[in-house]
Amino acid sequence: MNAIDLETKAALRAAHPRRLPGEVGIWLFVLGDILVFSALFLTFSYYRAHDPELYRLSREALDPAIGLINTCLLLTSSWCVVLAIRSARENLVRVSTAMFALAFVLGLAFIGVKVFEYAEKIERGITMLTNDFFMFYYVLTAIHAMHVMAGLAGLGYLCYRSYGKRSITPVDIQVYETGATFWHMVDLLWIVLFPLLYLVH
Amino acid sequence: MDTRLQKNWLWALVVGMGGVFGVGWVALAGYIPPHAPDASAIEIAELYRNNATSIRSGLILAMFASTFMLPLVALFYVQLRRIERVNNAPAVNSMIQVVGGTIALTVGVILPTMLWAAASFRPERSPELTQLLNDIAWIFFIAPFAPFATQNLAIAFGILGDRQPVPLFPRWLGWTNLWILFTALPAFLIFFFKTGPFAWNGIMAFWVPLILFFALMVVMIVYLFKAIGRADYEIQKRPV
């Protein structure tokens, strides 16, 4: 491969605009994560099928109202991210920065509610060693929460990157979309997790 | 630049890791599927007593194969260093990868094989002692999240920090290295559970991470070969 081939390659790359929002790599990340979470969900379902009574009784210790609050927090947060990118496309820098910040705060609130939920249970003596249902409850929601925290780091970076910008470039949009894609995945995972743990009979 | 030396090491690595370690550790010594964490001391001691010869020979093969696994860290260093040089970055990610990778291999491969071999050395000792050695070895094999995570993070940031028009490694490989971290998180849970999906022989703490990690290794090695062969990477040097 000589230098001319390289230039051609770079030129071809520039001539063909991407069709996916954000980088290709984040979509592989998202796909991979969904795969692993599916394995977790399937494992949970398999174990539940072997002891439905235990799981049904244990589920009563969970408060679906809190789960719903968490769902609303994440959904609203995702919506803020959508608004942030939309306003970024129109160069409304202050609006997009504010939207990223709001999304961050809502995500943080999600973590806060989770902590409260865990604390309330631990006080009642329910830990992940109590029984299989609670093992899954704690592990699934904790791994999800770690994804939320990673997403918060991403949102924080987007907010920081957006702050005080004079004009928004296509590269910026791609970076925003990359972060947004991850955050939407985190949201999607919760939308599956919530009914699976809190609601399904 | 003559790339034959790197490629020879890499081929030795492929043979060592894939062939010898696999044959030794899996087929001969029988560590896949893993021993059950909830097995009694007597059961474990019997395992080592009855299979002493095949366990010892399998582990010896695995230890020998480790000779060729260690250079992987250095080969990554060389390529990550190329990225840093061309992008005018300090030798941070490349070095962090070395630190993480070295510790990961020491603590996650060398130590466990030695400890298992020590367990098979005197199988007539008290069963609790044999089980202790076996426990420690398995824990070292599965649970050292930190050094592996450090290595993966360094590789990810190293790859993603490449600002050249045609980067040395494809960017998605950087993201994949980030992703693999999350798949390894259940490793921390093996201390709490002796059965189920989060035990050291469980589907989420052992099988899924192992299969994914192995798949990533294959992909990384393929792209490492390509990166070594990229004579034109430095030519495109775009000022950063």
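Only the coordinates and a few stated rules stand behind these numbers; no lab work does. Since the model is a prediction, treat every value here as computed from it, not as a measurement. With ideal geometry, Cβ positions are generated from the backbone for all residues, glycine too; neighbour counts draw on all protein chains shown.
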Next item on the list: With a length cut of 24 Å (Cα positions projected on each helix's long axis) and a Kyte-Doolittle mean of at least -1.0, go through chain A and give me the DSSP H helices that pass.
Entry: A:24-49, A:64-89, A:93-123, A:132-162, A:170-194
Next item on the list: Give me the angle, in degrees from 0 to 90, between the Cα long axis of helix B:145-160 and the longest principal axis of the Cα atoms of chain B, rounded to the nearest 10.
Entry: 20
Next item on the list: Let me know the whole percent of all Cα-Cα pairs from chain B that are separated by more than 30 Å.
Entry: 31
Margin query: Using all alpha carbons of the protein assembly as shown, what is the percent of pairwise distances in each 10 Å bin, ordered from the shortest bin to the longest?
Written below: 4, 18, 25, 24, 18, 8, 2, 0
Next item on the list: Give the relative contact order (percent, whole number) for chain B; include only Cα pairs under 8 Å separated by 6+ residues.
Entry: 22
Check: So what is the calculated 222 nm ellipticity per residue for chain A, using -39500 (n - 2.57) for each DSSP H run with n of 4 or more, over all residues, to the nearest 500 deg cm²/dmol?
Finding: -28000 deg cm²/dmol
Next item on the list: Find the relative contact order for chain A and round it to a whole percent, using C-alpha pairs within less than 8 Å whose residues are 6+ positions apart.
Entry: 34
Next item on the list: Determine which lysines satisfy two conditions relative to B:LYS7: a Cα distance under 22 Å, and not lying fewer than 8 residues away in the same chain.
Entry: B:LYS226
Margin query: Could you tell me the center-to-center distance, by alpha carbons, between region A:99-153 and region B:65-109 in angstrom?
Written below: 35
Next item on the list: Of the listed pairs A:LYS114/A:LYS165; A:LYS114/B:LYS194; A:LYS121/B:LYS194, which have alpha-carbon separations greater than 29 Å here?
Entry: A:LYS114/A:LYS165
Check: What do the square roots of 5 times the Cα gyration tensor eigenvalues come to for chain A, in whole Å, largest first, as semi-axes of the equivalent ellipsoid?
Finding: 39, 21, 12
Notebook entry, point to check: If you average the sequence gap of Cα pairs under 8 Å that are 6 or more apart and divide by the length of region B:77-175, what percent do you get for the contact order?
Noted result: 37
Check: At B:ARG125 and A:TYR157, where each label point lies 7 Å from the Cα along Cα→Cβ, what is the point-to-point distance in nanometres?
Finding: 4.7
